[in-house]
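The values are calculated or read from the model by the stated rules, or taken from the named source; none is laboratory data. Please read all numbers here as calculations on a predicted model, not as lab measurements. Every residue, glycine as well, gets a Cβ built from its backbone with ideal geometry; the counts of neighbours run over all protein chains shown. Surface accessibility is based on the protein's heavy atoms, side chains included, excluding ligands, DNA and RNA. Shrake-Rupley method; radii C 1.70, N 1.55, O 1.52, S 1.80 Å.
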Amino acid sequence: MSRFLSKKFDGLVPYVPGEQPKDRGYIKLNANESPYPPAPGVQEAAVKAAAGLQLYADPDCRELRRRLAEFHGISPDTVSVTNGSDIALAFIIRAFGDKEKPFVWPDMTYSFYPILSRYCGVPFTEIPLRDDFTIELSDYEEVPGNMIIANPNAPTGIAMDPEEIAGFARRHPERLLIVDEAYVDFGARSCIPFTQELDNLIVVQTYSKARSFAGGRLGVIIGAAPLITDLETLRNSVDPFNVNSMTIACGIASLDAAEYYRENCRKITETRAITAQGLERMGFTVLPSSANFVFAKHPALPGDTMLKGLRERGILIRHFSFPRIIDWNRITIGTPEQMRELLKQTEDLLKEVNS
Ligand SMILES: *Cc1c(COP(=O)(O)O)cnc(C)c1O
């Protein structure tokens with residue numbers, strides 16, 4: 001830290017993404033990336049857009065927003081896009097949070113929320129998940145503040161009923177509810193339809209997971225027009241060109257290739273079921289996942305032993321050192337071949353640890 005850093009950033013601890021080591025080839029099951037490449041049309045769109053990189057992109061991303069609105073069957077003034085969804089969450093916390101307007105979310109959820117909140121100087125409360133790792137919305141009735149719910153939740157993969165979430169928003173018109181749907185395409189149902197009737201519900205989605213675009217960066221925000229206007233004001237006050245012209249082109253081409261991505265999601269959910277069965281056969285407890293990962297623990301294999309053992313065997317998974325989930329690991333669903341290798345190496349590791 002230099003002597004020039006503002007006091008407000010004293011002790012700010014940044015997010016640590018899943019590691020991307022290059023020391024050898026790894027099977028990467030640690031960052032919930034898609035094992036499948038973007039659709040061919042998306043790669044072509046990027047190359048084509050690159051020929052015009054000397055020009056600024058449309059700061060309002062009108063064409064992409066129109067296409068997104070059409071895709072979701074909603075009004076174009078209820079959609080906005082950002083350079084990945086993490087920055088969308090930052091705009092949301094910054095726009096709608098302050099000392100008088102704190103935020104609330106579960107104790108076990110996407111670990112970026114508290115980091116963004118500290119960065120924005122917005123206080124927050126964390127409500128424990130129930131013992132079975134589910135979110136019980138009645139626990140939030142008495143705790144004031146705007147809420148962020150990841151649905152499906154991470155790292156558990158457990159999904160909630162969108163009607164239940166919309167019902168909470170309806171009962172609490174003074175509170176803003178943000179639903180982070182990063183994993184919705186892997187088996188959960190979206191809250192998007194409810195954003196068209198409730199003025200206190202925002203859905204955030206990302207192209208990083210189900211649309212194979214983590215390296216490209218595209219986030220989508222859907223909510224009532226006045227909320228979108230506020231967020232656009234913030235975006236245009238920081239970085240109006242925050243979605244670049246290649247990303248815009250790729251976003252549109254991804255919508256053209258919707259069927260390709262649906263098929264990928266189908267393959268991934270199928271592979272997820274086989275992986276969960278394989279792990280359960282070895283004695284793992286696996287939470288019911290609606291995401292592109294499973295959250296699992298084994299009575300005879302401590303979480304970090306599994307992490308280290310698999311890394312030595314060329315497979316990366318994700319371990320979190322929070323006391324409550326110290327025994328657990330989050331394993332991204334890759335291709336069927338990658339998951340066969342995961343099961344095989346895990347079985348070997350179990351034999352080694354227990355001999
Ligand atoms: C991956 C993820 C995001 C962020 O994705 P971006 O790559 O920034 O678009 C947001 N929320 C959750 C719960 C995620 O897992």
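Quick notes on this structure:
- Residue satisfying all of: in the stretch 125-160; acidic (Asp, Glu) and in a loop (DSSP other than H, G, I, E, B); farthest from the ligand (Cβ to nearest atom) among these: GLU142
- Residue within the stretch 161-182 that is within 16 Å of the ligand (Cβ to nearest atom), open to solvent by 10 Å² or more (accessible area, probe 1.4 Å), more than 21 Å from PRO226 (Cα to Cα) and out of contact with any helix residue (DSSP H, G or I) (no Cβ under 8 Å at 6 or more places or on another chain) present: no
- Wholly enclosed helices (runs of 4 or more DSSP H) of the stretch 1-108 bearing at least 1 residues among the acidic types (Asp, Glu) and within 16 Å of the ligand (Cβ to nearest atom): 85-96
- The set of residues in the stretch 35-65 being among the small types (Gly, Ala, Ser) and either touching a strand residue (DSSP E or B) at 6+ places or on another chain (Cβ under 9 Å) or within 17 Å of ASN242 (Cα to Cα) (or both) consists of ALA46, ALA49, ALA50, GLY52, ALA57.
Conditions (1) of a type in the set (Asp, Glu); (2) open to solvent by 30 Å² or more (accessible area, probe 1.4 Å), marked per residue:
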{"site": "ARG65", "(1), (2)": "no, yes"}
{"site": "ALA69", "(1), (2)": "no, no"}
{"site": "ASP77", "(1), (2)": "yes, yes"}
{"site": "ALA90", "(1), (2)": "no, no"}
{"site": "ILE93", "(1), (2)": "no, no"}
{"site": "MET108", "(1), (2)": "no, no"}
{"site": "VAL122", "(1), (2)": "no, no"}
{"site": "PRO128", "(1), (2)": "no, yes"}
{"site": "ASP131", "(1), (2)": "yes, yes"}
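- Residues of the stretch 138-148 that are among the aliphatic types (A, V, I, L, M) and crowded, with 22+ Cβ neighbours inside 10 Å: MET147, ILE148.
- Those residues of the stretch 110-119 which are open to solvent by 10 Å² or more (accessible area, probe 1.4 Å), touching a residue at least 24 places away in the same chain (Cβ under 8 Å) and either touching a Cys at 6+ places or on another chain (Cβ under 9 Å) or within 14 Å of the ligand (Cβ to nearest atom) (or both), in sequence order: TYR110, SER111, PHE112, ILE115, LEU116
- Options VAL286, VAL179, VAL220; residue that is of a type in the set (A, V, I, L, M, F, W, C), in contact (Cβ under 8 Å) with a residue 40 or more places away in the chain and in contact with a Leu (Cβ under 8 Å, 6 or more places away or on another chain): VAL220
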